[in-house]
2 protein chains.
Amino acid sequence: MPTENTHTIWIVEDDPIFKESLEDLITMTDGFHLGHTANSVEKAIQAFGIKENPDIILEDIGLPGLSGIEAISIYKKLFPNVLIVILTIFDDDERVFEAIKAGADGYLLKRAPGSEIIHNLQQLIQGGATLSPPIAKKVMNMLVKPSQQKTIKNPLTKREVIITKYLVDGLTINEIADKLVISKHTVDTHTKNIYKKLHVHNRSNLATVAIKKGLI
Amino acid sequence: MPTENTHTIWIVEDDPIFKESLEDLITMTDGFHLGHTANSVEKAIQAFGIKENPDIILEDIGLPGLSGIEAISIYKKLFPNVLIVILTIFDDDERVFEAIKAGADGYLLKRAPGSEIIHNLQQLIQGGATLSPPIAKKVMNMLVKPSQQKTIKNPLTKREVIITKYLVDGLTINEIADKLVISKHTVDTHTKNIYKKLHVHNRSNLATVAIKKGLI
DNA sequence: CATAAATTACCGTAAACACGGTATTTCTTA
DNA sequence: TAAGAAATACCGTGTTTACGGTAATTTATG
């Protein structure tokens, strides 16, 4: 029976063996109890309002039918305060990223030992999020990559950077010349040099390159 | 004495009380031993080549002098395979982000219990990264935010999106017409409509808006 | 101080753009 | 099935771009 300090867990998992071992794990652990289990997202949703609302949903990501990722936003609407933990055998970047973006609160690998899973659930309840270490590494790498690219040294001179900004902003050569109080011919020359340096041949290219490489 | 299975830890921490409790924690724990401890980045660096190289450096982020974040890249150069764990009482977004970008392998809160810290170090050695749950939550939120902005509904039709991509890529109207096997007049019409919808008046603007709003 | 790099300036032209208007056909979807 | 959205197509025109070449002056920098 649930007490004030007991948290209701739902399990959504299609692999019967893993599902059962999860059920056992939850049942055996103080502070948690099994609210409902299903082998598909659809069936889990059907239990809405019938079974006791979950505090945490443990869900496989690779379910047939509605995928676990699509399900996340649905759960969040049905149970506004629910915590969703994705359990998966995969640790591929795409899925991690999609699940996190969809609002998952944790992402654990199935190969993690039961004690690990329980430990993470407890931490989740205390207000954090939880990532398996290999997942954490991937997530951190995602954050690092863009900043490394930022370090590309800007091949443009000061003046060229200024003019590039105006070009990207869509000003005409004449407008730029007016702004900088120089001849339009000069702006034209700078533009040619900028194009040459960045290997672009029109403003669209320039804008794309300048923005993506953080040159301006 | 270090054995094959023992990992050398360095501690860089200026708070003497916390430093001592960390030292005790490491000393008491099987599989780890204390290599060197310092109360500043500068002193830690001075021990390079003298003391036994670290497998893991535990470091406070808010050190006087050279900050812990600045130190990360230095350590990584001195000890190419070192794992760096940031320990802090703060969990403010900026520092987390900076430390991760600088290449930290873990980010733990000082208020975490010793068992937690040890546990995380062990996981780190096994190849993951490690984040305290409150930190994990912040990091995950960072990933979610940009994607929420992405949810701005794209006012462009399918065809317009395709043509926008080509326009941003710098193709001429004629080139686009050829690619899509439609008349250049049609591409021209689409372009006009795209400009109207996005309130832009030239390709630079289009590229900027399309990229920044994630429309393409 | 000498040399290179950066900034300035001018000319000409084919190609492309931006945008006005108008109009038919083909989806969608209420 | 009727109405609206989307995709298609054509015309004309003034403006702007992209890029070729050439060159003087100013500003670093070794």
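Quick notes
- Among the residues examined, A:I162 does not qualify as more than 10 Å from DNA strand D (Cβ to nearest atom), within 14 Å of another protein chain (Cβ to nearest Cβ), surrounded by fewer than 20 Cβ atoms within 10 Å (Cβ to Cβ) and part of a helix (DSSP H, G or I).
- Residue match in region A:102-116 (condition: without any contact (Cβ under 8 Å) to a residue 60 or more places away in the chain, hydroxyl-bearing (S, T, Y), closer than 25 Å to B:S115 by Cα and within 14 Å of another protein chain (Cβ to nearest Cβ)): yes
- Annotation: B:L63 fulfils all but one of (1) modelled with pLDDT under 85; (2) surrounded by 21 or more Cβ atoms within 10 Å (Cβ to Cβ); (3) outside any loop (DSSP other than H, G, I, E, B); the unmet one is (3).
- Applying the criterion of being of a type in the set (G, A, S) and under 17 Å from the mean Cα position of the chain (by Cα) to the residues of region B:66-88, the residue that is modelled with the lowest pLDDT is B:G68.
- Region A:199-213 - residue that is in a loop (DSSP other than H, G, I, E, B) and within 11 Å of DNA strand D (Cβ to nearest atom) and, of those, surrounded by the most Cβ atoms within 10 Å (Cβ to Cβ): A:V200
- Restricting attention to region B:178-198 and to residues that are more than 39 Å from the chain's Cα centre (by Cα) and more than 6 Å from DNA strand D (Cβ to nearest atom), the residue that is farthest from the other protein chains (Cβ to nearest Cβ) turns out to be B:V181.
The values are calculated or read from the model by the stated rules, or taken from the named source; none is laboratory data. Worth saying up front: this structure is predicted, and the values here are computed from it rather than measured. Because the Cβ atoms are built from the backbone with ideal geometry, glycine has one as well, and the counts that use them run over all protein chains shown.
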